[in-house]
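Data block below; observations after.
Nothing in this text is a laboratory measurement; each read-out follows from the coordinates by a stated rule. Keep in mind that what you see is a predicted model, and the values were worked out from it rather than measured. Cβ: placed from backbone, ideal geometry, glycine included. Neighbour counts: every protein chain shown.
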Amino acid sequence: MLARADDGRLTLERDGKDWPLRDFSRFVEAAGLRWHVQILGDGPTLLLVHGTGASTHSWRDLAPLLARRFRVVAPDLPGHGFTDPMKPGTLSLPGMARALGALVRHLGPSPEVAVGHSAGAAILAKLCIDGTIPPRLLISLNGAWLPFEGVAGQIFPPMAKLLFLNPLAPRLFAWSADRHATSRLLRGTGSTIDARGVDLYRRLFSNPAHVAGALGMMANWDLDALKREWPRLTTRVALVVGDDDKAVPPKTADIVAAALPNATAYHLKGLGHLAHEEQPEKVAALIEELATQAGAF
């Protein structure tokens, strides 16, 4: 059993002794939160923002590749991994964006390239729309830009809200998050990742505080509001998507690319929702190529 902090959250000291890229970890105070951030490399700043339920571990193989040419900044989002949770009333997409914006301003300089996975892409889009960051390029990796379709859209958000409001739900989920259940959940995204990756997700999913952070994020997410703001997003956008993604329909990238004034979709065959964990070398090479085209170097 993993050691827990008194409030039930994971701590880097107790639970992250072998955490990926731990030597690059630091803790930073911003927006009233204590953030876990990993910073490595030198060059133009590239910001990495993970998706719901993940953490900095998601970049364990990609970040070192990017650090050959960039100063890579990768935080744990609020309530995820080793970062403090936000207050329940602020767990919205705009609230998350404001908090992350405060962290980015504190760390400086503003990123030349911003890369977001899944819900992380939506947070970065909001930051760009609000003018909080002015990157040369926003790269969306299997980005969650649209609400769930059909029945899923009617069921999932209310269910997440009910689970978030039930203090027992995160513990029940965490108790059931053994290796087999975690592996099955990850396979459901259309991706196959190595045993190390499965174990790291298991650690996160078996922690009730981390689960509560993910549920709170899903319960308060409003992508319809973000969609109404798409016309204000003038940042250059690259929508990179794995064609085997089972979590976010690959067609989302094409829909968003057609709607935004300066966006292009790039499809990766044979990869799922966690494409950057499946083939980090391929994704890193594409990011470097797109960043070069955008004038980041």
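With label points built 7 Å along Cα→Cβ from the Cα atoms of LEU12 and HIS267, find their separation and express it in nm.
For LEU12 paired with HIS267, the spin-label model returns 4.1 nm.
Between ASP224 and ARG22, what FRET efficiency comes out of the Förster formula 1/(1 + (r/R0)^6) with R0 = 51 Å and r the beta carbon distance, rounded to 0.05?
On the way: r = 39 Å, r/R0 = 0.76.
The computed FRET efficiency comes out at 0.85.
Under the Kirkwood approximation applied to all pairs of distinct alpha-carbon atoms, what is the hydrodynamic radius of the chain in Å?
Details: mean 1/r = 0.0528 Å⁻¹.
Roughly 18.9 Å, rounded to one decimal.
What list of ³J(HN,Hα) couplings, whole Hz, do you get for the range 41-48 from phi and the Karplus terms 6.51, -1.76, 1.60, once you set θ to phi - 60° and write x for glycine and proline?
Working through the residues one at a time gives x, 9, x, x, 6, 10, 9, 10 Hz.
Once you've got the Cα coordinates, tell me which of LYS246/LYS269; LYS227/LYS251; LYS126/LYS269; LYS87/LYS251; LYS246/LYS282 are over 23 Å apart.
In this structure, LYS126/LYS269; LYS87/LYS251 lie more than 23 Å apart at Cα.
Quick one: putting +1 on the C-beta of Lys and Arg, -1 on the C-beta of Asp and Glu, what dipole do you get for the range 51-118 around its Cα centre, in Debye to the nearest 20? List each step's numbers first, then the result.
Numbers: 7 positive and 4 negative charges, 33 e Å.
It comes to approximately 160 debye.
Could you quote the convex hull projected area for the range 1-142, Cα atoms only and averaged over all directions, in nm²?
8.3
Quick one: which of 90-102, 221-233 comes out on top by average Cβ neighbours within 10 Å, and what's the full order, highest first? Each step should come with its number before you reach the end.
On the way: 90-102: 19.9, 221-233: 15.2.
Output ranking for 90-102, 221-233: 90-102, 221-233.
For ALA67, what residues show an amide H to amide H distance below 5 Å, using hydrogens built from the backbone and excluding near sequence neighbours?
none
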